[in-house]
Amino acid sequence: MDNEHDSVKSENSGRSRRSRHNNSTSHHSQGRRSHRSNKRTGGEIMAPFQTSVNITGDENGQQQEIIEVQILPQDENWGDNTTAITGNTSEQSISMEDINSVWNREKETGFGFTCKRYLESAFSLLLGFVSFFSPVAMVVMPKLGFFPSVFDHVDLTPSMKTQLLACSSECKGLLVSLAARLVLLALGLWALFLRRSIATMPRIFLYRSLVILLVTVSTFAYWLFYLVQVTNGAKIVVETGGEGVDYKSLVAYATNFVDTLLFIHYIAVVLLELRHQQATYFVKVVRSPDGRSKSYTMGQLSIQRAAVWVLQRYYVDFPIFNPYLETIPISKSQRNKLQSSFKYYEVDGVNANQQQSQSRAVLAANARRRDSSHNERFYEEHEYERRVKKRRARLITAAEEAFTHIKRIHNEPSPTVPLDPHEAAQAIFPSMARALQKYLRVTRQQPRHTFESILKHLAHCLKHDLSPRAFLEPYFMESPILQNEKERRNLQSWSLVCDELLSRPVFSECTFQLIQNDVSLIVSVHKLPHFNISEEVVDPKSNKFVLKMNSETSV
């Protein structure tokens, strides 16, 4: 049994050695094949294209040149051929950034957030609909036969009832005035309220809530007095001496209700649109961690509305935040200096005096290196700027040369098959792909620009006859933030941090913070000074001069 067991173990170990040998040989063969393919492509994949030129002759002996473009399969990170090492050792594991993104996405798309986002708008729309059509209902309801018991407590004939609900010429004028005022009110409501909300704020908007409260109270009060007036009957004297309801008074009552709504709309325009137009505060916005800053003038707003106002300017005025540019690439000399800063200890045969002298020498070297670190940083930044300018110049030259190979045809015969903008972009992109790849790599823009987006942008430029500089503009310009396709989302979530109540108005020396992932905006508010301008009258007689003659001058 022992022999059989040993033989089984030896057979299994032999199989495992053979399998490892086969796997290693297959990996080596694949590596040699990939190495040969890289050699054929010049050691680096320039672009996912392969072009070939075929010259054919026709029956008349003329030669035609046909350019064939073959699209090669390539992954999403077309411009990145570096190796990234992460802390995740399993293919099934995810990082904390992924967890945070998923958590934020679930928070942004949850039922609670959706309810909070649309509840106020839905309530405002419902209240506006009720208040707008209430005057119309007050005028139409008596004509449709509502409140039949109004005429039961008076002894009136059918002809008298018809006379009470009749509309005279003066009543018709009131109806025309009511219709005109409703049209004006509808235009005002459409311009002020019927628009998409730009932000969902954590606290109530005091002025907007005040307007909603005024509309609610007015609608309730007018309906209450209307029902009292209709049910009890307005005391009027008719020719027979009876008592009843006058339709003209109901129309006038509805017209007064529309006037009240127009006045409330005027108050809403003043509080919501005009009050904050006058510049009152000076606002400075500083972004962390790159330290970019902008300054603005702002009117009287609440803290949460000021945060929304700042974010609207931030996405338009600030440059794109690139966290990969926070660390400047280290050169070989700097890397060697860092490696030489390690301490080496000899375990065998080192006396105390020698070890103490070595430690002093190391500390002195570290102190000298620390004193000269600003100088090294200066040269590193200068070297990086030189590399960027060099890559930029090469990219501009390559783009200009690539655009010279494309010519727009206008219904004239062409020796080759015409290409649409997308095919033309695929044809000329390989000549500039290497220069663009190196420029995006040195400026750390590879995560922002994919191969498909670059090709789409190139086709757009060719379609509209744009210049090479116009094609390169998204890669040279860093602003605005919304230029980045990853920032063009329907929803942007920020956290607002402030020591004061967010619904209170801003004041001088007020400071609040806006946070989104690794980006933090520090907003400082300062009150603008009062400018005292006095008039100074200049005597016209003082604008006369005399020429002073001097022998040393040339005059």
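The values are calculated or read from the model by the stated rules, or taken from the named source; none is laboratory data. Owing to the predicted nature of the structure, the values given are computational and were not obtained by experimental measurement. Please note: Cβ atoms are built from the backbone with ideal geometry, for glycine as well, and neighbour counts cover all protein chains shown. Surface areas here come from the heavy atoms of the whole protein model, side chains and all, with no ligands, DNA or RNA. Shrake-Rupley method; radii C 1.70, N 1.55, O 1.52, S 1.80 Å.
Between region 493-532 and region 118-141, what is the separation of their alpha carbon centroids in Å? Cα centres, region 493-532 to region 118-141: 37 Å.
A simple spin-label model places pseudo-atoms 7 Å from Cα toward Cβ; at VAL140 and HIS405 they are separated by 6.9 nm. As a length-normalised measure over Cα pairs under 8 Å and 6 or more apart, the relative contact order of region 466-541 settles at 19 percent.
Distances between placed amide hydrogens fall under 5 Å for ILE320 paired with SER479, all partners being 5 or more residues away or on another chain. Pairs from the table (LYS438/LYS486; LYS389/LYS438; LYS407/LYS463; LYS284/LYS389; LYS389/LYS463) lying more than 20 angstrom apart at Cα are LYS438/LYS486; LYS284/LYS389; LYS389/LYS463.
Taking amide H as placed 1.01 Å from N in the peptide plane, the amide H of SER302 sits under 5 Å from that of VAL506, each at least 5 places away or on another chain.
Qualifying GluC sites (Glu not before Pro) in region 439-532, where qualification requires a DSSP coil assignment and no more than 16 other C-beta atoms within 10 Å, comprise GLU500, GLU509.
Ligands, DNA and RNA left out, the accessible area of region 484-555 computed with a 1.4 Å probe is 51% carbon and sulfur.
Calculated FRET efficiency, ARG195 to LEU547, Cβ-Cβ distance, R0 = 60 Å: about 0.30 to the nearest 0.05.
Remark: the PHE123-TYR315 segment gains 66.1 nm on full extension, using 0.36 nm per residue and subtracting the alpha carbon distance.
Computed extension length for ALA279-SER249: 6.1 nm, one decimal, from 0.36 nm per residue of separation with the Cα-Cα distance subtracted.
Taken one residue at a time, the phi angles of region 461-478 give Karplus couplings (6.51, -1.76, 1.60, θ = phi - 60°) of 5, 5, 5, 9, 6, 7, 7, x, 5, 5, 5, 8, 4, x, 8, 9, 8, 9 Hz. Gly and Pro are set to x. For MET549, the solvent-accessible surface computed with a 1.4 Å probe is close to 140 Å², ligands and nucleic acids excluded.
Ranked from largest to smallest solvent-accessible area, with a 1.4 Å probe on the protein heavy atoms, ARG448, ARG313 come out as ARG313, ARG448.
Across every direction, the projection of the convex hull enclosing the Cα atoms of region 438-555 has a mean area of 20.8 nm². The length gained on full extension between ARG488 and ALA180, counted as 0.36 nm times the residue separation minus their Cα-Cα distance, comes to 106.6 nm. With r defined as the distance between the Cβ atoms of LEU206 and SER168 and R0 fixed at 56 Å, what FRET efficiency is calculated, to the nearest 0.05? Efficiency computed from Cβ-Cβ geometry: 0.75. Heavy-atom accessible area for HIS410, with the other protein chains in place and a 1.4 Å probe, reaches approximately 130 Å². Couplings 3J(HN,Hα) of region 392-400, computed from phi: 5, 5, 5, 5, 5, 5, 5, 5, 5 Hz, in residue order, whole Hz [Karplus 6.51 cos²θ - 1.76 cosθ + 1.60, θ = phi - 60°; x for Gly and Pro]. Counting only heavy atoms of the protein chains and using a 1.4 Å probe, CYS167 has close to 30 Å² of accessible surface.
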